[in-house]
Amino acid sequence: MFNKPIKSLYYFSLLGILSLCSPKLLAQQADQDFQEPCGQVDLLKQLENKYPGFKQQYDKDYLQSIKRSASVGKRKRIVKDTTYFYDTIYTVRVVFHVLYNNSAENINDSLLKNQIEVLNQDFRRLNSDTFKTRNVFKSRAGDTRIEFELATVDPSGNPTNGIVRKATSVTSWGTANGISELMKYDANGGSNAWDPKKYMNIWVCDMTFQNQDRILGFAYPPYGHPSWPSSSWTTDPNQGVVLHYKVTGRNNPRSTGANLGTSNKGRVAVHEVGHYLGLRHIWADDQFMANRCILDDYIDDTPLQGVGANFTCNLTQNTCWSGQDDLPDMIENYMDYSTHDCQNLFTRQQSQVMRAALVDSRPGIISRTRIEERMRIFDTTIYDKILIYPVNSEDKIVVEMPDEEFDDLLSVEVYNSVGQQIVKNTRISKNETILRPIRHSSGMYVVVILKGGGDDQSPSTVVRKVKIFLD
Ligand SMILES: [Zn+2]
């Protein structure tokens, strides 16, 4: 069912010619050749039918969330909400529902565990193939600072390994058109969701239709609809991620052959969890429009792209021309349809959007939070709009706050490696604060940003810790 590489190459080589043809012909050609292995588009269509106006509201909410997340560090809410800081690592509680009609579908625990491992590596940019990110995109790659773990307690409070296994008489959950959600209900031979407010439910089942692997997965976006109050949305039992059992986990022995062999690294789940946390396809799903370079995915640090990579890894693919500093399509992105070998990144802004979705729309599924002290690594901490850096040649530390409205009282302290304070509590002023540490030896120092406190001696809270190296 999926395109073989030769067909896809044929398709892209035809683009130049087709663009001279009528838009209708172009759209038809795209329609015929473009494959949708992810059910996101079908799902949104179904939701629109069920809740008229959904799409419009979804777009509106999405734009608002982008706008909000793009201003991390600018808005005072960000400063007040310490859990939002990018030094905070969130862990998400996961439950798998494995539905099987035969032993092959009852996939091993090892695959489910390595699926969690893949999610953790890819979301933290700890995957082993980051070296494949092309230089033009390296500085755009981000660490979402979101991690995943199997649930240890079930909804009744009993210990669990986070895996529900159920035999079913249903031989396949695939459909000719659209998607089915029957796998999410006991009454239909599926498995009821665990409270979607508290768990990220992942159903693993046979999604084939007439022996074809048409849809590999789909996921619900976080969202509250006006005619469907957010309270009912968040408890909607359909919330969660569905994965085809053949592509769940890394090196699943069933992800082989021309159709599934390029989806064998467990990244269908990475893509679907991206949707679950609010991301769209990188090409904005406008491949069937006459001019598909108009719509964007609303993410600033992904290039404009006209169509998905369609199971190729074509480094020369560049479907939209954006002028002088034009970039190729970011086929490295998990939200594309490139081969798993090709994918290796979420961007920084995609990371921001997902973190905003998690904190704003799905806070209950966070099982743990922790602050991870990290050195300032450009690749991972650019999100922090308060910049902290030493100027060793001038023996000073600079704390730069963009010219935004910060109503909170913020201050900074610096400690050496054995916890001795080398810069006493100093109020951070707008724009730039210069710290001159007392005599010190070269080594690592910890810069601590606090809110509150100050002259009135009210309690202060640590909101960030950053390690820096002083000469
Ligand atoms: Zn998708």
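Derivation of every value follows stated rules applied to the coordinates shown; laboratory data play no part. Since the model is a prediction, treat every value here as computed from it, not as a measurement. Cβ placement follows ideal geometry from the backbone for every residue including glycine, while neighbour counts extend to all protein chains displayed.
Residues of the range 134-174 with an amide N closer than 18 Å to a point placed 7 Å from the Cα of Y185 along the Cα-to-Cβ direction: 168-174. Determine the alpha carbon to alpha carbon distance for each of K113/K451; K45/K198; K184/K265; K60/K451 and list only those over 31 Å. As for pairs spanning more than 31 Å Cα to Cα, those are K113/K451; K60/K451. Dipole size of the range 109-213 about its Cα centre, with +1 on Lys/Arg Cβ and -1 on Asp/Glu Cβ: approximately 480 debye, rounded to the nearest 20.
Only loop residues by DSSP count here, and only those with at most 15 other Cβ atoms within 10 Å; note down the GluC sites (Glu not before Pro) in the range 275-378 that meet that.
Hits after loop and neighbour filter: E372, E373.
Panel order for T316, T426, T262, T461, by other beta carbons found within 10 Å of each beta carbon, from fewest to most: T316, T461, T426, T262.
Note on the range 166-295: dipole from Cβ charges, positive end direction compared against L295, A258, G217; the farthest Cα belongs to A258.
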